[in-house]
Structures are given as structure tokens and as C-alpha cells.
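Visitor: Here you go, one structure.
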Amino acid sequence: MDIKGSVALVTGASRGIGRHFAEQLVERGAATVYATARDPHQIDVPGVQVLPLDITDPASVAAAAEAAPDVTLLVNNAGVAKVQNLITGDLAEIQAELDTHFWGTLGMIRAFAPVLGRNGGGAILNVLSVLSWFSSGAANSYSVAKAAQWALTNGVRVELAGQHTQVTGLHMGAVDTDMMAGIDVDKLNPADVVRAALDGIEAGRLEVLVDDASRHVKAALAGDPSALYPQVSGLILS
Ligand SMILES: NC(=O)c1ccc[n+]([C@@H]2O[C@H](COP(=O)([O-])OP(=O)(O)OC[C@H]3O[C@@H](n4cnc5c(N)ncnc54)[C@H](OP(=O)(O)O)[C@@H]3O)[C@@H](O)[C@H]2O)c1
């Protein structure tokens with residue numbers, strides 16, 4: 001998949017990682033970059049075509065697929081973090097995270113799979129997280145949504161292989177955007193994350209692990225859960 005000459009569509013391009021995707025896709029020579037947002041007036045990236053798009057609204061998704069019939073690279077970036085406790089948190093907020101990360105991403109892929117197929121296969125990038133594989137405590141509801149989006153990524157990759165659509169999952173820890181504002185941890189530069197993702201797409205990678213946190217957690221999944229969750233390692237269930 002060459003970025004140069006591709007026709008890309010980015011969800012959630014108003015700010016954060018999505019804005020960097022739109023910028024770098026233009027810089028790397030994409031023929032067209034559809035930069036989409038719930039409020040298109042928020043998009044200020046030079047050289048893009050702006051489209052309104054709310055990925056949780058099926059009519060909006062269908063309209064975008066009709067307005068962008070030449071897409072060859074779909075970047076499913078849009079996301080929200082409601083960070084609810086699973087036992088005591090607000091169920092509507094937990095549902096909203098699934099509506100965005102799982103149902104919204106699935107709706108986009110179902111709408112654009114025929115478009116990509118008609119255009120030779122192309123590629124899909126799903127912006128996932130280290131929290132697709134790990135529940136940090138504070139962000140447990142977000143982890144559920146990102147895990148669902150990861151399983152969806154694996155499923156559609158298999159289903160779309162026949163039409164030669166490359167499906168890549170992007171995993172990383174904390175990135176310096178509004179989503180992590182006020183949280184005092186080391187954060188990745190969103191421009192570096194996007195560079196790694198686009199390099200991975202061009203290299204034909206099925207999965208891009210941006211940082212040590214992602215690599216460590218993925219490797220630890222092969223072991224006992226107590227390695228990742230030492231707070232439960234002493235529990236004896238009887
Ligand atoms: N920041 C991190 O630490 C981190 C780490 C790993 C993965 N991620 C993932 O990276 C992606 C981008 O996050 P970010 O850090 O850039 O967050 P951000 O700065 O909060 O930006 C989120 C973007 O998603 C858009 N969005 C939310 N719901 C939408 C919807 N229903 N339809 C269309 N657009 C919608 C927002 O649009 P509005 O401007 O309209 O709100 C905004 O453009 C997300 O999938 C997130 O889960 C983030």
C-alpha cells in the first residue's frame with residue numbers, strides 16, 4: 001500500500017491523532033485526503049477535502065461513503081474515553097464508548113468495504129490501544145471498547161482478505177492529546193505515532209506496536225494474568 005497517490009479518509013480529524021493523520025497523509029503525497037469530523041468547521045488542515053461525519057450516525061456514515069467513492073485507505077481514528085468503572089459506573093457512558101469504538105468502527109467498515117473492494121482492495125487502519133489488551137483500573141470501560149475494536153479488527157481482516165484489503169491495527173500507550181489532558185504520565189508525541197502507523201501500512205504490517213508498553217503487554221498475554229495484574233495474584237478462590 002503506497003500512501004503516495006492513495007485516497008485516504010480519516011475519522012476524527014478535528015484534533016489529536018486524527019489531525020496529525022490528515023496532515024501527514026497530505027505531506028506524504030496522498031492524492032486526496034478526506035478529513036472528516038462531527039463539526040467540519042473544526043478542520044483547519046491545508047490541502048484536505050472536508051466532510052461532515054459522525055461515525056455513530058448510520059445516515060452520516062452512508063452519506064460519507066457516497067461522497068467519497070474513491071477511497072483506498074480508511075483510517076478509523078475517532079474515539080472517546082469515558083473511563084467508567086464497570087461495576088459502579090454510568091451504563092450510558094459505557095454504552096457510548098462501545099457505540100463509538102465498536103459499532104462506529106464496524107459501521108464505517110461495512111460502508112466502505114465495497115468502496116475499497118471496487119478500488120482494488122486498499123487498506124484499513126484501526127487506531128487501537130495498549131488498553132485493547134489491558135485493564136488499567138481507572139479506564140476499564142474504555143478497555144472493553146478497545147478490546148471489542150481489536151476483535152473486530154481481526155475479524156474483518158479475515159473477511160476482507162478475499163478482496164485484498166489490508167487491515168492494520170495500531171497499538172500504543174498514552175499519547176499527548178486532549179484525551180489524556182490532565183493525566184500525569186509519560187506521553188508519546190502524536191506525530192511520531194502517526195509516522196509509525198503510516199510506515200507500518202506501507203510495509204504491509206498487520207499490526208503496529210508503537211512503544212515498549214504495547215510490546216510488553218502483548219508479550220505478557222501469553223503468561224498467567226497475575227503477571228499483568230499483581231494486585232490479584234494472591235487471591236485464592238475457594
Ligand atoms: N490519547 C491516547 O493516549 C490514546 C492512546 C491509544 C489510543 N488512542 C486512540 O486514538 C484515537 C484518537 O484519540 P485522540 O487521543 O486523538 O483523542 P482526542 O484528541 O480526544 O480526539 C478524538 C477525536 O475523535 C473524534 N470523535 C469522537 N467521537 C466521534 C464520532 N462519534 N464521530 C466522529 N468523530 C468522533 C473527536 O471529534 P470532536 O472534535 O467532534 O470531539 C476528535 O476529533 C482514539 O481512537 C483513541 O481511543 C488514544
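Visitor: Does Leu9 fit the bill of being open to solvent by 30 Å² or more (accessible area, probe 1.4 Å), closer than 26 Å to Ala148 by Cβ and touching a residue at least 24 places away in the same chain (Cβ under 8 Å)?
Guide: For Leu9, the condition - open to solvent by 30 Å² or more (accessible area, probe 1.4 Å), closer than 26 Å to Ala148 by Cβ and touching a residue at least 24 places away in the same chain (Cβ under 8 Å) - is not met.
Visitor: Here are some conditions: (1) among the charged types (D, E, K, R); (2) within 12 Å of the ligand (Cβ to nearest atom); (3) crowded, with 16+ Cβ neighbours inside 10 Å; (4) closer than 23 Å to Ile55 by Cα. Arg157 meets all but one. Which one does it not meet?
Guide: If we test Arg157 against (1) among the charged types (D, E, K, R); (2) within 12 Å of the ligand (Cβ to nearest atom); (3) crowded, with 16+ Cβ neighbours inside 10 Å; (4) closer than 23 Å to Ile55 by Cα, just (2) comes out false.
Visitor: Just a yes or no: is a residue in the stretch 94-102 free of Cβ contacts under 8 Å to residues at least 40 places away in the same chain, outside any helix (DSSP H, G or I) and either out of contact with any helix residue (DSSP H, G or I) (no Cβ under 8 Å at 6 or more places or on another chain) or within 23 Å of His164 (Cα to Cα) (or both)?
Guide: no
Residue by residue, here is whether (1) open to solvent by 20 Å² or more (accessible area, probe 1.4 Å); (2) among the polar types (S, T, N, Q); (3) more than 12 Å from the ligand (Cβ to nearest atom) holds:
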| residue | (1), (2), (3) |
| --- | --- |
| Thr88 | yes, yes, yes |
| Ala92 | yes, no, yes |
| Glu97 | no, no, no |
| Thr100 | no, yes, no |
| Gly107 | yes, no, no |
| Arg110 | yes, no, yes |
| Asp176 | yes, no, no |
| Lys187 | yes, no, no |
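Visitor: Condition test on Ala197, is it at negative phi, open to solvent by less than 30 Å² (accessible area, probe 1.4 Å) and not in a loop (DSSP other than H, G, I, E, B)? First the steps, then the outcome.
Guide: Working: at negative phi: yes; open to solvent by less than 30 Å² (accessible area, probe 1.4 Å): yes; not in a loop (DSSP other than H, G, I, E, B): yes.
When the stated conditions are applied, Ala197 passes them.
Visitor: Now for a different question. Return the residue satisfying two criteria in turn: it lies in the stretch 133-154 and is within 13 Å of the ligand (Cβ to nearest atom), surrounded by fewer than 20 Cβ atoms within 10 Å (Cβ to Cβ) and more than 16 Å from the chain's Cα centre (by Cα), and of such residues it is nearest to Asp211 (Cα to Cα).
Guide: Result: Ser136.
Visitor: Let me ask something else. If the Cβ limit is 8 Å and pairs must be 6+ apart or interchain, which residue in the stretch 200-212 that is without any contact (Cβ under 8 Å) to a residue 12 or more places away in the chain and assigned to a helix (DSSP H, G or I) pairs with which residue that is open to solvent by 40 Å² or more (accessible area, probe 1.4 Å) and polar (S, T, N, Q)?
Guide: none
Visitor: Say we look at the stretch 213-238 and pick out the residues that are part of a loop (DSSP other than H, G, I, E, B) and of a type outside the set (A, V, I, L, M, F, W, C); which of these is surrounded by the fewest Cβ atoms within 10 Å (Cβ to Cβ)?
Guide: Here the residue is Ser238.
The values are calculated or read from the model by the stated rules, or taken from the named source; none is laboratory data. Quick caveat, the model's predicted, so the values are computed rather than measured. Cβ atoms come from the backbone with ideal geometry, glycine included; neighbour counts cover every protein chain shown. SASA here: full protein model, heavy atoms, side chains in, ligands and nucleic acids out. Shrake-Rupley method; radii C 1.70, N 1.55, O 1.52, S 1.80 Å.
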